[in-house]
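Please treat every number below as a calculation from the coordinates, not as lab data. Keep in mind that what you see is a predicted model, and the values were worked out from it rather than measured. A quick note on method: Cβ atoms are made from the backbone with ideal geometry, for glycine too, and the neighbour counts reach across all protein chains shown.
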Ligand code: SF4
Ligand code: SF4
């Protein structure tokens with residue numbers, strides 16, 4: 001494992017993000033504790049010492065299951081990060097009070113202190129809460145820091161560079177680190193380069209989230225992956241995204257939201273040693289970034305889902321829109337059709353709740369409209385099946 005220094009700590013360069021944990025195969029959506037324990041065992045055996053969860057992950061169960069898994073190891077052998085969901089206070093029905101949430105989080109995780117604690121998802125929408133001094137959240141967390149229940153205070157940020165500056169101008173003196181979305185696509189697309197410059201100017205180390213963009217940089221077309229395999233026969237596609245992060249000023253922490261043991265083992269292999277990308281490989285990533293910049297930048301975080309009055313599967317449909325843009329296919333049309341009446345893009349009422357909740361600032365209603373129009377021009381799955389049956393019948397008659 002490679003390590004980085006943060007103040008007086010030695011942190012593993014790879015951190016285990018608990019946003020997309022393994023779930024049971026019974027369709028319940030419950031976290032698979034047995035698989036999670038195996039992943040934590042593998043991570044700790046390979047030297048990972050940083051684990052990251054948040055109040056809303058898996059509806060609160062990420063904190064519980066991760067805490068349970070880590071409790072099998074001595075408390076001083078791992079670092080735990082958790083986050084205050086102030087972003088939910090802007091549009092949420094119930095206002096989440098820092099003192100209540102914090103106590104609940106300690107209980108859920110089964111710990112007496114957090115090594116790292118973050119203001120979650122500072123962005124243009126949540127600024128309304130985070131930048132209102134009347135909310136007094138910072139005073140509460142500084143008090144917890146003073147009494148040792150928070151060891152290091154920071155924030156995660158999806159805001160544009162101007163928003164990042166604004167938050168720092170208010171609370172920068174109290175922040176010790178900042179987590180941003182950083183990968184070879186968002187370096188330009190979301191101006192991560194500029195955000196890194198701002199953080200450097202404020203003397204704050206960078207924590208990376210979404211290094212493979214919710215899995216979008218973990219799998220490409222067979223043709224593209226064949227090209228990558230020729231250049232790096234022993235490396236997986238995600239490894240390229242992690243290697244790229246060593247070509248920019250070195251982040252202190254790279255969080256990867258792993259969902260199964262195989263992903264964990266692949267990442268552990270990548271972080272076992274430094275294998276720099278050469279110019280030809282970097283050019284290939286630049287080409288991929290240019291082609292992906294045209295796609296909808298949905299990471300599948302699902303922040304938009306709970307508030308959708310039509311209960312639409314927004315990330316699934318954003319993914320389908322991207323699939324259709326890359327290569328229109330009957331399979332995508334069939335999956336879209338299977339969403340069912342009232343659950344497809346044409347049922348979006350354009351309320352805009354999702355866009356306000358979206359850290360990527362995607363104009364979801366517009367994308368929904370485009371998808372609905374595109375799909376209305378496609379043959380339905382039933383039509384395709386009828387055509388296929390007719391063709392098969394015709395073939396039989398010819399014989
Ligand atoms: S704009 Fe459409 S997709 Fe977004 S929350 Fe409203 S109904 Fe749901
Ligand atoms: S549309 Fe935005 S909020 Fe919704 S899943 Fe995608 S990235 Fe997340």
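Listed values, structure above:
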read-out	value
Most to least packed among 10-18, 368-376, 354-362 [average Cβ atoms within 10 Å]	10-18, 354-362, 368-376
D (Stokes-Einstein, µm²/s), Kirkwood Cα radius, region 3-292, 1.002 mPa s at 20 °C	109
For region 149-225: rounded, prolate or oblate by the Cα gyration tensor [a/c cutoff 1.5]	prolate
Ranked packing of 206-215, 166-175, most packed first, by mean Cβ within 10 Å	206-215, 166-175
Gap separating the Cα centres of region 114-193 and region 28-104, nearest whole Å	18
Value of Rg/Rh across region 203-342 [Cα atoms, Kirkwood radius]	1.00
Relative contact order, percent, the chain [alpha-carbon distance under 8 Å, six or more residues apart]	14
Within the chain, percent of DSSP bridges classed antiparallel, to nearest 5	15
Debye log10 I(q)/I(0) at q = 0.15, 0.22, 0.23, 0.27 Å⁻¹ for region 47-121, Cα point scatterers	-0.48, -0.96, -1.04, -1.37
Highest to lowest packing among 191-200, 110-119, 223-232, 80-89, scored as the average C-beta count within 10 Å	80-89, 110-119, 191-200, 223-232
Whole-percent pair-distance distribution, where bins are 10 Å wide, for the alpha carbons of region 1-70	20, 47, 26, 6, 1
Region 202-243 - Debye-derived log10 I(q)/I(0), Cα point model, q = 0.17, 0.34 Å⁻¹	-0.52, -1.19
Computed log₁₀ I(q)/I(0) - Debye formula, equal Cα scatterers, no solvent, region 224-295, q 0.20, 0.24, 0.28 Å⁻¹	-0.97, -1.29, -1.42
Calculated [θ] (222 nm, deg cm²/dmol) that DSSP helices of n ≥ 4 give over the chain, each run adding -39,500 (n - 2.57)	-13000 deg cm²/dmol
